[in-house]
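Starting off with a structure, shown below.
The values are calculated or read from the model by the stated rules, or taken from the named source; none is laboratory data. A quick note: this is a predicted structure, and the numbers were derived from the prediction, not measured. Because the Cβ atoms are built from the backbone with ideal geometry, glycine has one as well, and the counts that use them run over all protein chains shown. When the accessible area is computed, the model is the full protein with side chains, heavy atoms only, and any ligands, DNA or RNA have been set aside. Shrake-Rupley method; radii C 1.70, N 1.55, O 1.52, S 1.80 Å.
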Amino acid sequence: IFLCVTLSSFCVLKAQDSVSIKELRQKLKDAKDEKSRTSIKIDMINRFNGEGKSDSVIVKGFQIVEDLKGSKHNASVGSVYVSISNAYLLKGDSKTAEKYRADARKFLELSDDYNTKVLLMMTNAQNFSLEKKYNEAEEIYQSIIKLDKESGHKIKPKVMVNAFMRSVGNLMQQNKSTDAYRRALEYLDYTNKFDKDSSSLPMYYIGALQY
């Protein structure tokens, strides 16, 4: 019964879902174990974040944090708090965004994983965005993208997808439509090579930026 309730709470607002969210919702229904379901839920809130659906990110993000409470999945909890913080930032609530960014940093610092360090870099980029230092934030996103290339793409695709998504959003925040469009094309090229299941989100951005 708990599973049905949990799944249903992640499958609301069907009429407003993008193709990407619909695909993830189906994967969530088909998932066979809790680890897979948690991973899909995290992917889902990242998609909601990319599409500007902040309320969905916040509600579902706290559900995941509650599910993982007491576990050793510090990096996962930290990444969810990053998404929650970004959602509050998009809603214009910088004070609450800072609170959850601090929570994200606390959990991420407990891990020595290479990819987790990149998530920490992204929290710093968010901090710059909060201060409206968008150029500084973009420099960090560019550093992450460069680091991934120089390391032979050792950063996990899900982490890089998040970095690309935030970079596009950061450029859009500055009304740099041309730069955002170019980044979205780079984002699409990356997903086509390393994470085809995530290709619908950069396509969503590309479509939005063409008008």
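Which three extents, in angstrom, do the Cα atoms of region 112-165 have along their principal axes, listed largest first?
On the principal axes, region 112-165 reaches 31, 20, 16 Å in Cα extent.
Which pairs in the list 41/69; 106/156; 35/72 are over 19 Å apart, alpha-carbon to alpha-carbon? Mind dumping the intermediate values first?
Values: 41/69 15 Å; 106/156 21 Å; 35/72 13 Å.
The pairs that break the limit, which is 19 Å between Cα atoms, are 106/156.
For the chain, give the percent of accessible area contributed by carbon and sulfur heavy atoms, probe 1.4 Å, rounded to a whole number.
Working: 5760 of 10810 Å².
Carbon plus sulfur share of accessible area: 53 percent.
Also: Which one, 167, 140, 152, projects farthest toward the positive side of the charge dipole computed for region 81-211 from Cβ point charges (K/R +1, D/E -1)?
So the residue furthest toward the plus end is 167.
Quick one: Cα centre-to-centre distance for region 52-112 and region 143-204, in angstrom?
21 Å
Right, another one. What trypsin sites (Lys or Arg not before Pro) in region 33-119 are in a loop by DSSP, with at most 12 other Cβ atoms within 10 Å of the Cβ?
Numbers: sites: 35, 37, 41, 47, 53, 60, 69, 72, 91, 95, 99, 101, 105, 106, 117; in loops: 53, 69, 72, 91.
When the trypsin sites (Lys or Arg not before Pro) of region 33-119 are filtered for loop state and at most 12 Cβ neighbours within 10 Å, 69, 72 remain.
Keeping all protein chains in place, calculate the accessible area per residue for the chain (probe 1.4 angstrom), answer in Å².
Numbers: 10810 Å² over 211 residues.
Spelled out: the 1.4 Å probe surface of the chain, per residue, equals 51 Å².
For the chain, what value does the Rg/Rh ratio take when both radii are computed over Cα atoms and Rh is the Kirkwood radius, given to two decimals?
Here Rg/Rh amounts to 0.94.
Tell me the net charge near residue 179. Cut-off is 12 Å between Cβ atoms, residue 179 excluded, with +1 for each Lys or Arg and -1 for each Asp or Glu.
Charge balance in the 12 Å sphere: +1.
Okay, next question. How about region 127-164: which trypsin sites (Lys or Arg not before Pro) there are in a DSSP loop, with at most 15 other Cβ atoms within 10 Å of their Cβ? Intermediate results must be reported in sequence, preceding the final value.
On the way: sites: 132, 133, 146, 149, 154, 158; in loops: 132, 133, 154.
Within region 127-164, the qualifying trypsin sites (Lys or Arg not before Pro) (loop, at most 15 other Cβ atoms within 10 Å) are 132, 133, 154.
Also, I was wondering about something else. Looking at region 64-108, I'd like the Rg to Rh ratio, where Rg is from alpha-carbon atoms and Rh is Kirkwood's inverse mean 1/r. Could the numbers behind the result be given before it?
Details: Rg = 10.3 Å, Rh = 10.3 Å.
For region 64-108, the value is 1.00.
Also, quick follow-up: For the chain, what is the charge dipole size about the Cα centre, in debye to the nearest 20, if Lys and Arg each add +1 at the Cβ and Asp and Glu each add -1 at the Cβ?
Details: 34 positive and 27 negative charges, 56 e Å.
It comes to approximately 260 debye.
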